[in-house]
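The values are calculated or read from the model by the stated rules, or taken from the named source; none is laboratory data. Source: prediction; values computed, not measured. Here the Cβ positions follow ideal geometry from the backbone for every residue, glycine too, while neighbour counts run over all protein chains shown.
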Amino acid sequence: MVVACLTLSGAVGVFGFSFGVGSVAAGASVWQTCALSLFVFTGASQFSAMSVIGAGGSLGSALGGALLLAARNGVYGLAMSRRLDGSLGRRLLAAQLTIDETTAMAVAQPNRREQQIAFWLTGFALYTFWNVGTLIGALTGSAIDPQTFGLDAAFPAGFVAMVWPLLSDRRARLAAAIGGVVFLATVSFLPIGVPILLSVIGVLVGVQRPVPPPVGTEVSRP
Amino acid sequence: MSWTLVIVLALGAYAFKVTGLVILGGRTLPAVVERCLALIPAAVVTALIVKDTFTTGQDLVLDARAAGIAVAVVAAWRKAPLIVVIVLGAAVTALLRQL
């Protein structure tokens with residue numbers, strides 16, 4: 001568990017670095033960039049907000065897209081509430097650490113005690129690495145020209161790394177395709193940032209109940 | 001950039017987390033709602049990839065970023081670690097700009 005946690009932390013530190021660089025390049029100060037990582041602490045939302053701001057989108061559309069991406073942490077909170085013990089104060093602190101990685105690490109453990117250890121350990125490690133990475137990235141980003149080093153491509157490359165593991169699921173691939181097509185179809189005439197909001201239409205794929213694969217499809221092939 | 005974004009986003013993101021963990025507690029959401037919420041990153045992050053790779057403002061453009069991200073996609077497909085995906089994407093984009 002500790003090894004998995006440290007590997008994850010290293011990756012999150014790099015992610016934080018690329019957020020720091022990109023956020024400064026998109027027009028935030030070093031302080032604002034660090035405040036986002038300290039107080040928002042949910043990567044996809046932070047990246048999304050700064051991506052829209054950097055392109056010249058409005059405050060409302062930047063917030064809308066970022067908050068859509070933050071909504072899933074509510075579902076993770078539901079999953080964690082069944083696994084965490086402790087006072088209200090402790091739960092309020094746990095809430096800030098409830099994100100993709102901490103929930104995934106916790107639910108992968110076999111019993112309640114280890115689930116709690118995994119959650120807190122991953123939570124504090126990621127919080128530290130994400131924020132240190134962000135600070136170093138923000139300072140680097142303000143010292144160099146991001147375009148020269150291709151750092152404007154760090155955002156979409158980070159998004160690729162973020163979305164790729166999700167696409168092993170057929171419904172997620174369909175949702176992704178719809179999101180991408182809706183964006184392309186509307187980007188030229190809607191205000192900047194709004195097409196990102198509209199891309200959420202892709203989740204309607206989830207309305208249909210999942211169909212279990214027909215029995216024996218894998219083995220019946222010659 | 002205004003601090004409003006930082007403050008509202010921080011409050012909003014925390015509100016979602018607290019709603020799930022503290023306010024709703026051990027309850028469960030309807031399965032269809034959980035399924036749709038789980039699909040948000042796939043739909044929205046894919047749109048963000050298209051945006052940051054192929055657009056400048058409202059214009060569709062094809063430049064060095066497209067090559068960088070194509071390489072990043074191949075790296076992700078070959079299960080390269082996250083740092084490799086990001087560094088390759090940035091490095092290929094930077095190299096093409098030097099040409």
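Observations
- The residues on offer are A:S37, A:S51, and the sole one that is in a helix (DSSP H, G or I) and at the interface with another protein chain (Cβ under 8 Å from one of its Cβ atoms) is A:S51.
- Of the residues making up segment B:9-28, none is touching a Ser or Thr at 6+ places or on another chain (Cβ under 6 Å), at pLDDT 85 or above, facing chain A (nearest Cβ under 7 Å) and under 20 Å from A:A177 (Cα atoms).
- Within segment A:142-165, considering residues that are of a type in the set (G, A, S) and within 12 Å of chain B (Cβ to nearest Cβ), the one nearest to B:L95 (Cα to Cα): A:G150
- Members of segment B:61-71 found to be facing chain A (nearest Cβ under 7 Å) and at pLDDT 95 or above, listed by number: B:G68, B:I69
- Number of the exception - A:M80 against (1) more than 27 Å from A:G20 (Cα to Cα); (2) surrounded by fewer than 20 Cβ atoms within 10 Å (Cβ to Cβ): (2)
- Close pairs from segment A:199-211: first within 7 Å of chain B (Cβ to nearest Cβ), partner among the hydroxyl-bearing types (S, T, Y), Cβ under 8 Å, at least 6 apart: A:S199/B:T46; A:G202/B:T46
- Where a residue in segment A:63-74 is more than 7 Å from every other protein chain (Cβ to nearest Cβ) and its partner, wherever it lies, is among the aliphatic types (A, V, I, L, M), with Cβ under 9 Å and at least six apart: A:G64/A:V52; A:G64/A:V194; A:G64/A:I196; A:G64/A:L197
- Checked against (1) in contact (Cβ under 8 Å) with a residue 12 or more places away in the chain; (2) in a helix (DSSP H, G or I), A:V3 meets all criteria but (1).
- Members of segment A:21-60 found to be in contact with a Leu (Cβ under 9 Å, 6 or more places away or on another chain) and aromatic (F, W, Y), listed by number: A:F39, A:F41, A:F47
- Candidate set from segment A:170-196 (those that are of a type in the set (D, E, K, R) and over 22 Å from B:V71 (Cα atoms)); member that is nearest to the other protein chains (Cβ to nearest Cβ): A:R171
- Screening A:F155 against (1) without any contact (Cβ under 8 Å) to a residue 40 or more places away in the chain; (2) surrounded by 24 or more Cβ atoms within 10 Å (Cβ to Cβ); (3) not aliphatic (A, V, I, L, M) leaves a single unmet condition, (1).
- Selection within segment B:33-59: residues that are farther than 17 Å from A:G158 by Cβ and more than 7 Å from every other protein chain (Cβ to nearest Cβ). The member of this set that is surrounded by the fewest Cβ atoms within 10 Å (Cβ to Cβ) is B:D59.
- Matching residues in segment B:60-96 - criterion: being within 28 Å of A:I192 (Cβ to Cβ), surrounded by fewer than 17 Cβ atoms within 10 Å (Cβ to Cβ) and among the charged types (D, E, K, R): B:D63
- Checking segment A:150-168 against the condition returns no match, with no residue being among the hydroxyl-bearing types (S, T, Y), part of a helix (DSSP H, G or I) and more than 22 Å from B:T46 (Cα to Cα).
- Flag for A:A4 being surrounded by fewer than 17 Cβ atoms within 10 Å (Cβ to Cβ) and over 18 Å from A:V194 (Cβ atoms): yes
- Odd one out for A:Q109, checked against (1) among the polar types (S, T, N, Q); (2) surrounded by fewer than 23 Cβ atoms within 10 Å (Cβ to Cβ); (3) in contact (Cβ under 8 Å) with a residue 40 or more places away in the chain; (4) part of a helix (DSSP H, G or I): (4)
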